[in-house]
Amino acid sequence: MRTLEEVQATLQIAKLKEEDLQKTIHCLSFGENVSSADYCLMELDDTLCKHIEAGKSLVIRGDKDERAVLCSDDKTYDLKIADTSNLLLFVPGCSTPDQLTHSQDSSHLVHAQIWGFCNSYWELRKQRPKLKKMKKLLMENPYTGPALGGQEENTENTYTMQDLLERIQASEEEIKTHLETIHACQIDGYWRVLDFDYEMKLLGHVTQLVDSESWPFNKVPLQTSLEELAPLEPTEMIEHCLNCYGKCYTENGQVFYALDEDKVCRGMALLLLQNAVKFNLREFQEVWQQSVPEGMSTRLDQLKSVALVDRTSHPETICLLRVDDLPEDTLERFNHLFTLREKWTEEDITPYIQDLCGEKQTTGALLTKYARSSMQNGIKVFNSRRPVAT
């Protein structure tokens, strides 16, 4: 180990004045069997530091064919290796200048051992959760209703929450939120997405009951609904349908649901559009209005991100185009959209790229980066920056 005299001699050779330096001098030495592969460094922001200091965990998720992501309880981060020209040393017990006491009048040595070293670290950047895979997994075995008498429920390709946490690159909070968005429900411990026809069958039972009982659609009594529809479907499924398409509230000790006009109208529109390549817009609007409960009004803005209107065709048409079915990658998404339609107005394309926006990013910024604008009949339109294969 070096002595204080040796350190002072080294300072003289380096032409450094001892009085310009800290009184505490650290002498570093390498421990036995030290390797750069022993440790990995990760740069954390204040939020994640507090998360760790509170005793919570960070989880790295991803299958072998996926880029790894880091997840907290409610956010997802991209992991990227950043190289540094400086060698980063791990020295337990080493004090920084602000941790040193200034009571020492003369220089003294502190011997510290290096436990490991690194010339790179993991850099984190907040990113959108990768949730498309979850719908794909759940659609392997959609729930089509209770098994017929005597038959066992098919539980092949079904997933618990723990299964989803191991397979999906998203935080637990983001997974739970998306399960609610896609109207999934937990059945016998497994998360299941409803078969679309079965979901529409449940919604049809509810809306027909509302019409037959002449209830206002914003005051649907839960208990009466369950009693009336129990002979047709399990009460758990009826209540799940009400939760998907309405909001629960209590009045005078009785539970009611206010059906969400936009959600119900959107559901009915999807039912009408699912088997049609294109639908005459005027005819569609007439049939659509007739299909919803009395008192509800259908509007085209209810179909943003699920259906696309073509105003240039004669007659005008509408077709199914769900944002959930589009690629998750930003460049792939734009390429796909421009194969469907060469030129888009900002109003038409925005619902299909809104979910791609990162933190503090706008759809305008995305369009500037991935599309080229021009004027057509006095209206700004966007087309691809590069040739698109059709």
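Tabulated values for the structure
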read-out: Percentage relative contact order, the chain, counting C-alpha pairs under 8 Å, at least six apart; value: 11
read-out: Folded to 0 to 90 degrees: helix 281-291 orientation relative to the chain principal axis, Cα; value: 80
read-out: Net charge contributed by nearby residues that have their C-beta within less than 13 Å of Gln208 (K/R +1, D/E -1); value: -4
read-out: For the stretch 4-126, the Rg and Dmax computed from alpha carbons only, in angstrom; value: 19.5, 59
read-out: Per-residue SASA entry for Ile13, accessible area with 1.4 Å probe, Å² rounded to 10; value: 140
read-out: Hits among lysines - C-alpha to C-alpha of Lys380 under 21 Å, sequence gap 8 or more where chains match; value: Lys304, Lys343, Lys369
read-out: Anisotropy class of the stretch 47-189 from Cα gyration tensor, a/c 1.5 cut; value: prolate
read-out: Computed Kirkwood radius, in angstrom, where 1/r is averaged over Cα pairs of the chain; value: 26.6
read-out: Listed peptides 171-181, 44-54 by packing density, highest first (mean Cβ within 10 Å); value: 171-181, 44-54
read-out: Antiparallel DSSP beta bridges within the chain, percent to nearest 5; value: 85
read-out: Per residue value of the accessible surface for the chain (all protein chains in place, 1.4 Å probe), Å²; value: 61
read-out: Sequence-separation-based contact order of the stretch 337-390, relative, with Cα cut under 8 Å and 6+ spacing, percent; value: 45
read-out: Inverse of mean 1/r across different Cα pairs in the stretch 303-390, Kirkwood, Å; value: 13.5
read-out: Degrees between helix 235-245 axis and first principal axis of the chain (Cα, 0 to 90, nearest 10); value: 80
read-out: Estimated inter-spin distance, Gln99 and Met161, nm [label 7 Å along Cα→Cβ]; value: 3.8
read-out: Inter-label distance for Ser29 and Asp329, nm, one decimal - labels placed 7 Å from Cα along Cα-to-Cβ; value: 5.3
read-out: Among Asn218, Asn154, Asn243, residue whose mean-square fluctuation peaks in a GNM of the chain (springs only between Cα atoms under 10 Å); value: Asn154
read-out: Candidate aspartates and glutamates for bridging to Lys75, where Cα separation is under 15 Å - those fewer than 8 sequence places away on the same chain excluded; value: Asp45, Asp46, Glu172, Glu173, Glu174, Glu359
read-out: Principal-axis tilt of helix 172-181 within the chain, Cα atoms, nearest 10 degrees; value: 10
read-out: Residues whose placed amide H lies under 5 Å from that of Gly116, excluding near-sequence neighbours; value: Phe90
read-out: Relative contact order (%) - the stretch 291-384, alpha-carbon pairs under 8 angstrom, separation at least six; value: 22
read-out: Residue-by-residue Karplus 3J(HN,Hα) for the stretch 61-76, coefficients 6.51, -1.76, 1.60, Hz, glycine and proline x; value: 10, x, 6, 4, 9, 10, 6, 5, 10, 10, 10, 9, 5, 9, 9, 10
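The values are calculated or read from the model by the stated rules, or taken from the named source; none is laboratory data. Predicted, not measured: the structure shown is a model, and the values here were computed from it. Methodologically, a virtual Cβ is constructed for each residue, glycine included, from the backbone with ideal geometry; neighbour enumeration extends over all protein chains shown. Ligands, DNA and RNA are stripped out before the accessible areas are found, and what is left, the full protein with its side chains, is counted by its heavy atoms. Shrake-Rupley method; radii C 1.70, N 1.55, O 1.52, S 1.80 Å.
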